[in-house]
Amino acid sequence: MPGALPFCELHLHIEGTFEPETIFALAAEQGRTLPYDGPAELAARYEFANLPSFLELYYENMGVLRSERDFEALAGAYFARAHRAGVAHVELFVDPQAHTARGVAERTVLAGLHRAIEAAGERFGISAGIIACVLRDRPVDEAERMLDAVLEAAAGTGAPLLGLGLDSAELGFPPHRFARVFERAADAGLHRVAHAGEEGPADYVREALDVLGAERIDHGIRVLDDPALVERLARERIPLTVCPLSNVRLRVVDRIEELPFRELLDAGLLVTVNSDDPAYFGGYLDDNLAALRSAFGLDEAELAGLARNSIEASFASAARKAELLARLR
Ligand code: HPA
Ligand code: ZN
């Protein structure tokens, strides 16, 4: 049972946990009508050709997130579901620029997430932190302003800001554009991660490491195109946060069996399993593990190994890591 193992979820966009029913409930509260008959009609649109076609709907749907309470409710619902999936620690992504674009301040977003994180600790014993992501298809100066604003909002609200990430449309938006903002994040004591090698080439992974100082690579499955890079990732124990159901739903692969999951493990890479945008891609962490299990015949020892990898790859404190590792024995 995956649920019995203490997993860390390290690649989870909190806006990607926004279920159609909740989108409709929030819209109704605000007296807004959506251009769909109901949640089922919205969910029926979750057939994507690629990453940009998903992002369009993902950014549109988050338009009903307005208040601190909305963000608290969004994250609260995710934590309850994650707890049932066996998740013990979460480093959640948020896209502040997607909210400031409609006038929702970084402080509102972080304060709402902070309240949900505190409640998840009390109710479920889940530990969690926040990684603010730069939208790589937006201008660089906007990312610079976002970093300043989230640092100020975290200081003002006490929200646990762990790091800076890089997401949104990948092809044509190489990591190096954001070298300065990632350098400033490091100076401010933040961890650094980046989406790379999802739809984009292995070269973007190399740039994320060398130019942004990324400590983890989100997705990264395209690294197998570059054996020297694979060898380096294995040697330096740089984790990949792999998201199997996402790769199928965004047509990175046609079927889960085509995912080079065994190849990544056999190459000695520090592979972790994550759900990315579970409300859109057909499942939470337990569903991703179940899908891998049936496609690749993973046994109990291999599942425990994936839980162990997720603990090692996390930015949890040494004490928290020791606590989680003890639960594996
Ligand atoms: N890739 C890039 N950006 C994203 C994703 C993703 O899978 N989900 C939300 N933003
Ligand atoms: Zn992602």
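Values for this structure:
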quantity: Exclusive hit being in contact with a His (Cβ under 9 Å, 6 or more places away or on another chain), in a strand (DSSP E or B), in contact (Cβ under 8 Å) with a residue 24 or more places away in the chain and farther than 24 Å from ARG177 by Cβ, set ALA128, ALA120; calculated: ALA128
quantity: Matching residues, region 155-169, being touching a residue at least 12 places away in the same chain (Cβ under 8 Å) and more than 19 Å from the chain's Cα centre (by Cα); calculated: GLY156, THR157, GLY158
quantity: Selected residue (criterion: farthest from ligand 1 (Cβ to nearest atom)) from residues of region 242-298 that are among the basic types (Lys, Arg) and more than 16 Å from LEU224 (Cβ to Cβ); calculated: ARG293
quantity: Close pairs (8 angstrom Cβ cut-off, 6 or more residues apart or separate chains): among the charged types (D, E, K, R) in region 73-94, within 16 Å of ligand 2 (Cβ to nearest atom) and assigned to a helix (DSSP H, G or I) anywhere; calculated: ARG81/THR17; ARG81/PRO278
quantity: Within region 230-271, considering residues that are within 13 Å of ligand 2 (Cβ to nearest atom) and open to solvent by less than 10 Å² (accessible area, probe 1.4 Å), the one nearest to ASP210 (Cα to Cα); calculated: LEU240
quantity: Unique match (being within 16 Å of ligand 2 (Cβ to nearest atom), more than 18 Å from LEU12 (Cβ to Cβ) and open to solvent by less than 40 Å² (accessible area, probe 1.4 Å)) among ALA149, ALA169; calculated: ALA169
quantity: Number of the exception - ARG138 against (1) surrounded by 16 or more Cβ atoms within 10 Å (Cβ to Cβ); (2) without any contact (Cβ under 8 Å) to a residue 40 or more places away in the chain; calculated: (2)
quantity: Members of region 172-194 that are outside any helix (DSSP H, G or I), closer than 15 Å to ILE131 by Cα and open to solvent by 10 Å² or more (accessible area, probe 1.4 Å); calculated: ALA188, GLY189, LEU190, HIS191, ARG192
quantity: Entirely in region 195-308, the strands (runs of 3 or more DSSP E) that have 2 or more residues that are of a type in the set (A, V, I, L, M); calculated: 240-242, 271-273
quantity: Index of the failed condition, ARG81 passing every other in (1) more than 15 Å from the chain's Cα centre (by Cα); (2) crowded, with 21+ Cβ neighbours inside 10 Å; (3) among the charged types (D, E, K, R); calculated: (2)
quantity: ILE217 being within 15 Å of ligand 2 (Cβ to nearest atom) and touching a residue at least 24 places away in the same chain (Cβ under 8 Å); calculated: yes
quantity: Answer residue from region 55-73, given it is open to solvent by less than 50 Å² (accessible area, probe 1.4 Å) and outside any helix (DSSP H, G or I) and is farthest from ligand 2 (Cβ to nearest atom) among those; calculated: SER67
quantity: From the options LEU151, LEU171, LEU147, LEU162, residue that is away from ligand 1 (no atom under 16 Å from the Cβ), touching a Gly at 6+ places or on another chain (Cβ under 6 Å) and not aromatic (Phe, Trp, Tyr); calculated: LEU162
quantity: Residue count, region 219-264 (criterion: among the hydroxyl-bearing types (Ser, Thr, Tyr) and farther than 17 Å from HIS11 by Cα); calculated: 0
quantity: Selection from region 1-43 of residues that are within 16 Å of ligand 2 (Cβ to nearest atom), in a helix (DSSP H, G or I) and closer than 30 Å to GLY305 by Cβ; calculated: ILE14, GLY16, THR17
quantity: Identity of the residue in region 288-318, away from ligand 2 (no atom under 16 Å from the Cβ) and within 23 Å of ASN50 (Cβ to Cβ), that ends up least open to solvent (accessible area, probe 1.4 Å); calculated: LEU292
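The values are calculated or read from the model by the stated rules, or taken from the named source; none is laboratory data. Note that the structure is predicted; figures quoted are calculated from it, not measured. Please note: Cβ atoms are built from the backbone with ideal geometry, for glycine as well, and neighbour counts cover all protein chains shown. Quick note on the areas: whole protein, heavy atoms, side chains included, nothing else; ligands and nucleic acids left out. Shrake-Rupley method; radii C 1.70, N 1.55, O 1.52, S 1.80 Å.
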